[in-house]
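Everything on this sheet refers to the single structure shown next.
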Amino acid sequence: MQKYIHQIVSLASEVLVDKANEIEKALICILSEGHLLIEDLPGVGKTTLVQVLAKLMGLQGSRIQFTNDLLPADVLGNMILDSESRTFKFHKGPVFAQLVLADELNRASPRTQSALLQAMEESEVTIDGHHYPLPEPFCLIATQNPRSQIGTSPLPESQLDRFLMSLEMSFASPNAEQKIIQGHDARDKIKHLVPIINSHQLIEMQGLAAKVHVSDKVAQYIGAILQHSRKRIGLNPLSIRAGMALANASRSCAFVQGRDHVLPDDVQKIATEVLAHRLGGQEGVAKGRGIAHELLHEVPALA
């Protein structure tokens, strides 16, 4: 199974130049059955990352462009009158896909942002008292612009906590930018990609990653990180959900490396991405990454 992951990272890196680390972290999030938040300026490859992953994993993808006039029904779907049967039938919205890109989520109103809460937590949508399950596997990858950008509405803490991980894409290196300027067309490369795995194989891999063992020592280490965040003055305290997210992401990190148990190194490798958006809160992922680095430095790993 690990060979497929390395193939996906390798092929995706040919499209997204100089982004191998971000690609691997996004895969770890998907293997953990979590949702991913990507924060950065427009034009750094956030949308391309989602398109590439959907293609290589054989997933049905959809893209929702969030704007300030978007309504919850535009995301979830709504009841439409069928002229022949004279009854209302539910027409599914774009959230009914396996890999959903919520582009510029923080440009929408809080009402529309909150339309995704049930989908993210329960993998289903409730409309007029009826429950509609989302496809399996289901993963939401949302992008948000920095709060300094015009027309943004910050995501509430309750919604930030539903994202397993967060990433910053950042600008490419000078050499990578030179290749792009000289004619590296990502859209053309995406057209020629073929799936490495399918959705059934991904579900199997998610199941295997979930079985990776977390020892008492590693669990104590994760607990120490949570407890230390609650003692620091002026810091957003980390909830037990953050600890569970860190454990799950660490399992997937170990799985990618071909191990059946989690090491403290796995926790340290992925902790910043799991904790940054929770610690940063309304200040954003960039602020949270700095706090996460400080937190990890202050909490020693248990031997």
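Tabulated data for the structure shown
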quantity: Helices (runs of 4 or more DSSP H) contained entirely in the range 141-206, each with at least 1 residues that are modelled with pLDDT under 80; calculated: 174-181, 186-191
quantity: Residues (more than 22 Å from residue 55 (Cα to Cα), among the small types (Gly, Ala, Ser) and either in contact (Cβ under 8 Å) with a residue 60 or more places away in the chain or buried (at least 16 other Cβ atoms within 10 Å of the Cβ) (or both)) located in the range 182-218; calculated: 210
quantity: Odd one out for residue 228 among (1) over 23 Å from residue 3 (Cβ atoms); (2) in contact (Cβ under 8 Å) with a residue 24 or more places away in the chain; (3) within 21 Å of the chain's Cα centre (by Cα); calculated: (3)
quantity: Extreme residue, surrounded by the fewest Cβ atoms within 10 Å (Cβ to Cβ), among residues of the range 1-50 that are in contact with a strand residue (DSSP E or B) (Cβ under 8 Å, 6 or more places away or on another chain) and closer than 17 Å to residue 198 by Cβ; calculated: 33
quantity: Set 102, 119: member being in the same structural domain as residue 163 (by TED's automatic domain parsing), within 15 Å of the chain's Cα centre (by Cα), assigned to a helix (DSSP H, G or I) and of a type outside the set (Phe, Trp, Tyr); calculated: 119
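Residues are listed down the side, and each one gets a yes or a no for (1) surrounded by fewer than 15 Cβ atoms within 10 Å (Cβ to Cβ); (2) free of Cβ contacts under 8 Å to residues at least 24 places away in the same chain; (3) under 22 Å from residue 55 (Cα atoms):
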| residue | (1), (2), (3) |
| --- | --- |
| 79 | yes, no, no |
| 84 | yes, yes, no |
| 100 | no, no, yes |
| 103 | no, no, yes |
| 106 | no, no, no |
| 114 | no, no, no |
| 119 | no, no, no |
| 139 | no, no, yes |
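The values are calculated or read from the model by the stated rules, or taken from the named source; none is laboratory data. None of these values were measured; they are calculated from a predicted model. With ideal geometry, Cβ positions are generated from the backbone for all residues, glycine too; neighbour counts draw on all protein chains shown.
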